[in-house]
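Presented below is the structure to which this report refers.
Every number in this text was worked out from the coordinates using simple rules, so none of it is lab data. A quick note: this is a predicted structure, and the numbers were derived from the prediction, not measured. Here the Cβ positions follow ideal geometry from the backbone for every residue, glycine too, while neighbour counts run over all protein chains shown.
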Amino acid sequence: MGLMFTTVIGYSIVLGIAALFTMHFLGKALDSSDAERIDPKPEVK
């Protein structure tokens, strides 16, 4: 029973770390300020 809990918690930690690294690198690559420079916001609706 303890091995099952340890495995599930360890796997969750590994998935969380992988998700954090992915979001960190995607956040740097997909800079939202580039969108305004490439496709400027229209002045009138």
Describe numerically, in nm with one decimal, the distance between label points set 7 Å from Cα along Cα→Cβ at Thr6 and at Val44. 7.0
Along the stretch 4-19, Karplus-curve 3J(HN,Hα) (6.51, -1.76, 1.60; θ = phi - 60°) to the nearest Hz, with x for Gly and Pro, reads 5, 4, 5, 5, 5, 5, x, 5, 5, 5, 4, 5, x, 5, 4, 5
